[in-house]
Amino acid sequence: MPTDRIARLERTNRRLTLALVALGGVGFGAVLAGFAQPGQPTPPDYVGIAIHDEVDFMYRMDAKGNLERLSLKGGRVAGGGTPAEWKAFPVGTEPRSP
């Protein structure tokens with residue numbers, strides 16, 4: 001009798017151990033899947049860039065026709081680049097006021 005009970009306890013322990021390992025693997029996979037974030041949008045491809053010297057703006061256009069501008073009057077930071085951010089520059093999307 002005691003050997004049957006010990007055998008049942010050992011089987012139960014093996015099953016619990018296997019279940020915990022499987023659950024840990026699923027949890028670890030979920031964490032890795034969260035880091036991958038497959039739904040992230042890709043950055044747009046830019047088809048053109050231009051600088052307007054008189055007003056110190058740089059303009060760029062993406063493949064969808066959206067225009068953005070960057071003010072170059074913000075000054076330069078150490079290591080290059082500007083501290084400013086690209087801002088949307090809507091052109092022809094809003095009706096003109098009379």
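The values are calculated or read from the model by the stated rules, or taken from the named source; none is laboratory data. These numbers were taken from a predicted model, which means no experiment stands behind them. Quick reminder, even Gly has a Cβ in these numbers, built from the backbone with ideal geometry, and neighbours come from all protein chains shown. These area figures cover heavy atoms from the full protein model, side chains too; ligands, DNA and RNA do not enter into them. Shrake-Rupley method; radii C 1.70, N 1.55, O 1.52, S 1.80 Å.
Would you be able to say whether some residue in the range 21-32 is at pLDDT 75 or above, assigned to a loop (DSSP other than H, G, I, E, B) and open to solvent by less than 50 Å² (accessible area, probe 1.4 Å)? Checking the range 21-32: not a single residue is at pLDDT 75 or above, assigned to a loop (DSSP other than H, G, I, E, B) and open to solvent by less than 50 Å² (accessible area, probe 1.4 Å).
A single entry from A84, A7 fulfils the requirement of being at pLDDT below 75 and surrounded by 10 or more Cβ atoms within 10 Å (Cβ to Cβ): A84. Restricting attention to the range 33-65, the residues that are open to solvent by 100 Å² or more (accessible area, probe 1.4 Å) and either at pLDDT below 80 or on the phi > 0 side of the Ramachandran plot (or both) add up to 7.
Scanning the range 66-81 for residues that are at pLDDT below 75, open to solvent by 80 Å² or more (accessible area, probe 1.4 Å) and part of a loop (DSSP other than H, G, I, E, B) yields R76, A78, G79.
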